[in-house]
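Here the structure comes first, spelled out in structure tokens, and everything after it is commentary.
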Amino acid sequence: MFHAIVVAGDERMTRHEVTAHILVASHKPYWMPEDSLYIPMQVGAAQHEHLEGFAHDDTGDNISLKNPRYCELTALWWGWRNLDCDWLGLVHYRRHFAGRDERDILSAQEALRLIQAGNVVVAKARNYRIETIASHYMHTFDQDGSQLDALRAGVQKVSPERVATLEDHLNQTRGHMFNMLFMPRPQLDAYCTWLFNVLEVTERHIDFSELNDFHARCVGRLGERLLDVWLKAEGIEPREVRVKSLERTDWAKKGGSFLAAKFLNKRYEASF
């Protein structure tokens, strides 16, 4: 729980309590920040033994069984439906918002300053430069374009007025990825309601029968492409925060895989 100072014009400063949580999605035991801001969250818990010291995404109102397709978004659903707080965020066990706390992740005091600023917080955008959002997704995951077509069908069904925004985003080279966010409750409620409605329709348009475990995680990946669509449609300018990776990135392997996907039609077969 945070105590925030609020100033309204020339009025006297008032003090009120603001509750905030950031879920740390993980499928395995891993280092977790000790600050009470963070909630370690086991995703896919319905199909695995529960991890000690974690919240579990198969409790309360949940979609834990969808984790093989929805990835970390089952944690977002759980927080959205089960936590009563003013701000809610989502990060990954190996990817956090950067800051000055232990292991250079976002501290509670830094989170408090973000809350006071009132901005929706997202991960610093990635720029593919020689790829659009659509072409990168097709080269790395969806070579026949059917998954992006399913996403279009989802947006068309739920909010046809946003199809043009989706197409505009897919034609950009820059986007906010990883499903990482930190939002005030009203915006979070609006985003999650729209996001999960779109993904429910999208999922029905995807043939999973020939997808391996890695590629079956496509619903979560498609969800990454929806965050910017919602932000643009809502007219929200988010606050970007750099991503801190807790694991070393093999940039030679990652760069080589990126180029092989674009020029040699070799899909990704593992995360980086």
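Considering only Asn171, His205, Ser159, the residue lying farthest towards the positive end of the dipole of the chain is Asn171, judged by Cα position with unit charges set on Cβ.
Between beta-carbons, use under 12 Å as the cut-off and find the net charge around Gly79, counting Lys and Arg +1, Asp and Glu -1.
Working: positive: Arg81, Arg185; negative: Asp57, Asp61, Glu72, Asp84, Asp189.
Value of the local net charge: -3.
Summarising the label geometry, the points placed 7 Å from Cα in the beta-carbon direction at Arg185 and Arg239 lie 1.9 nm from one another.
Leaving ligands, DNA and RNA out of it, rank Glu72, Glu161, Glu131, Glu210 by accessible area with a 1.4 Å probe, largest first.
I get Glu210, Glu161, Glu72, Glu131, largest accessible area first.
For the set Lys124/Lys232; Lys157/Lys244; Lys66/Lys232; Lys28/Lys66, the pairs lying more than 25 angstrom apart at their alpha carbons are Lys157/Lys244; Lys66/Lys232. Among Tyr30, Tyr70, Tyr191, which one shows the highest mean-square fluctuation when the chain is modelled as a Gaussian network with alpha-carbon springs under 10 Å? Looking only at Tyr30, Tyr70, Tyr191, the biggest GNM fluctuation is shown by Tyr30. Of interest is the spacing of the C-alpha centroids, which for region 67-86 and region 154-179 amounts to 21 Å. What is the sum of charges around Gly89, taking Lys and Arg as +1, Asp and Glu as -1, for the other residues whose C-beta is under 13 Å from the C-beta of Gly89? With Lys, Arg at +1 and Asp, Glu at -1, the neighbours total -1. In nm, to one decimal, how far is the modelled label at Asp104 from the one at Arg204, with both set 7 Å along Cα→Cβ? Between Asp104 and Arg204, the label points sit 4.6 nm apart. Near the amide H of Leu181, within less than 5 Å, lie the amide hydrogens of Leu90, all on another chain or at least 5 residues away, with H placed in the peptide plane. Using a cutoff of 8 angstrom between alpha carbon atoms and counting only pairs six or more residues apart, the relative contact order for region 80-155 works out to 12 percent. For region 89-147, the pair-distance distribution built from all alpha carbon pairs, in bins 5 Å wide starting at 0, is 4, 14, 18, 16, 13, 12, 12, 9, 3, 0 percent. Taking the protein heavy atoms of the chain in the context of the full set of protein chains, the accessible area attributed to carbon and sulfur is 47 percent at 1.4 Å.
Judged by the gyration tensor of its Cα atoms, with axes a ≥ b ≥ c, region 129-209 is oblate; a/c meets the 1.5 cut and b/c is at least as large as a/b.
Distance between the modelled labels on Ser36 and Ala216, one decimal in nanometres: 4.0 nm (7 Å Cα→Cβ projection).
Rounded to the nearest whole Hz, the Karplus-based 3J(HN,Hα) values (6.51 cos²θ - 1.76 cosθ + 1.60, θ = phi - 60°) of region 126-143 follow the sequence 9, 10, 7, 6, 9, 9, 8, 4, 5, 5, 5, 5, 5, 5, 9, 9, 9, 5, with x at glycine and proline.
Just checking the listed ones, Val155, Val201, Val91: in the Gaussian network model of the chain with Cα springs under 10 Å, the one fluctuating most is Val201.
Structure remark: mean-square fluctuation, Gaussian network model of the chain, C-alpha springs under 10 Å; the largest value among Leu112, Leu211, Leu37 belongs to Leu211. Computed with a 1.4 Å probe over protein heavy atoms only, the accessible surface of the chain comes to 49 Å² per residue. Note on the chain: helix-only mean residue ellipticity at 222 nm, from DSSP H runs of 4+ residues weighted -39500 (n - 2.57) and normalised by residue number, equals -11000 deg cm²/dmol.
The values are calculated or read from the model by the stated rules, or taken from the named source; none is laboratory data. Note that this is a predicted model, so its numbers are computed, not measured. Glycine gets a Cβ as well: all are built from the backbone with ideal geometry, and neighbour counts include every protein chain shown. These area figures cover heavy atoms from the full protein model, side chains too; ligands, DNA and RNA do not enter into them. Shrake-Rupley method; radii C 1.70, N 1.55, O 1.52, S 1.80 Å.
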